[in-house]
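The numbers here are math on the coordinates, done by the rules we state, and not lab data. If you're wondering where the values come from, they're calculated on a predicted model, not measured in any experiment. Cβ placement follows ideal geometry from the backbone for every residue including glycine, while neighbour counts extend to all protein chains displayed.
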Amino acid sequence: MEVHSSPIQMGDHRLLFSIIHDITERRQAEAALRSAQKLESLGLMAGGIAHDFNNLLTVLLGNLDLLRQTLDQPLEAEQHLDHAEQVLHRAAGLTRQLLAYSGRGVFVTGPLCLNKLVEELAPLLTVGISRHARIRTELDGHLPWIEGDATQLQQVILNLVTNAADAIAPDEGVITLRTRREELDAEALAARFPGEALAPGTHVVLEVSDTGQGMEDEVRRKLFDPFFTTKGAGRGLGLAAMAGILRGHKAGVRVHSVPGEGTTFTLAFPRLKRPVLPQAATSPKATPLAGRLTVLVVDDEAGVRETTGALLQKRGWTVRLAEDGQDALEQLEADPAVDVVLLDLTMPRVDGLQALPRIQALAPGAKVILSSGYTSQEVHGLLHELGAAAFLEKPYDSAKLEEALAKALGSRPAGA
């Protein structure tokens, strides 16, 4: 019920005049609208995730096909293999981004060279977009560094280039990625980036422009609305998400578009003010772990178990496989002779956290490495609290696997 009351004076009497409304139907309508908005948002997000992964899978499959066709040309084949690996790292970055949206991941920022980011993405973008669009880069060779998260900013560039390619198709056109350094004072910021929380000073500017169909003013005004799309099923993680990423980087965005003449997105990032220290020389790789050591791989995903087991066997390890925590416990009760347990956290029946103390009791000398798709920051506190020796974040390759094993075993000699 909703009650509106007001006092009124009638002669010598003061009365309270009230109007009572039954607002049940209105509340039900509001709840239905909120539910519909959530479903619409989930639909756009699901469509966007599918779109981004389909782009990555298209590039991956294309490079694998090219690799198959160039097996007799080692240099070219290795280039296609490198591109495929880059795509897989991009897919891993996308899952980390989704985990961050869900509150289960952590972004890591640091000094970035925007030119390097564009150069690394350019080959993947060329393969992943329509053949009607050509990508051209015009990069300033003397850019300052910026502070940012590489995965987030790669997603921003990928979304902008994908949108640009959609705007060009089915005609032929050019997408230009351009970087430059600009000094922007308060007056210039107010004129070019109105309403953006940018501080005057040196900025690194990235422009993504296309020769596509352009946008009407009505579309341009709604670009960053979370429920707006010109594509029925939703494409990409959306310009609303992109705007949020840029706000997190204290960056600004300006859109200039003329129907029939194309669109230009201009992004301005504040220059990194602290000095960038040169990276320490990469330490030589440790001697590959080998010998009479035994590792128990515990994971409910058969593909992970088998691939990880194969990688370990290639390095001379004796490998045992368990499909979940319950299976691992039963195996250790029968034979506790293992040196390392690689333990997934999320599994049916008995998960990693439930199995860990019982594994330590059954095989007290074994080193336990926790593994999960969540970030190491999220699990870090568990390492010391539960007595785990190391953490291995999914997805991982052979180098990350061997690094975790070396950390878990410490200075233990190979073959001990």
Once the other residues with Cβ under 12 Å from the Cβ of residue 191 are scored (Lys, Arg +1; Asp, Glu -1), what is the net sum?
-1
Residue 180 label point, 7 Å along Cα→Cβ, cut-off 16 Å on backbone N: hits in the range 202-218?
202-210
Least to most buried among 369, 19 (fewest other Cβ within 10 Å first):
19, 369
For the range 294-409, what does the equivalent ellipsoid look like in terms of its semi-axes, each the square root of 5 times an eigenvalue of the Cα gyration tensor, given largest first in whole Å?
17, 17, 14
Based on the Cβ-Cβ distance from residue 318 to residue 196, what FRET efficiency comes out when R0 is 51 Å, to the nearest 0.05?
0.30
Compute the signed sum of charges (Lys and Arg +1, Asp and Glu -1) over the other residues within less than 14 Å, Cβ to Cβ, of residue 303.
-4
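Extension gain residue 171-residue 310, at 0.36 nm per residue separation less the Cα-Cα distance, in nm?
Gain on extension, residue 171 to residue 310, equals 45.3 nm.
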Which Cα, out of 389, 409, 328, lies furthest along the positive dipole direction of the range 294-409 (beta carbon charges, K/R +1, D/E -1)?
409
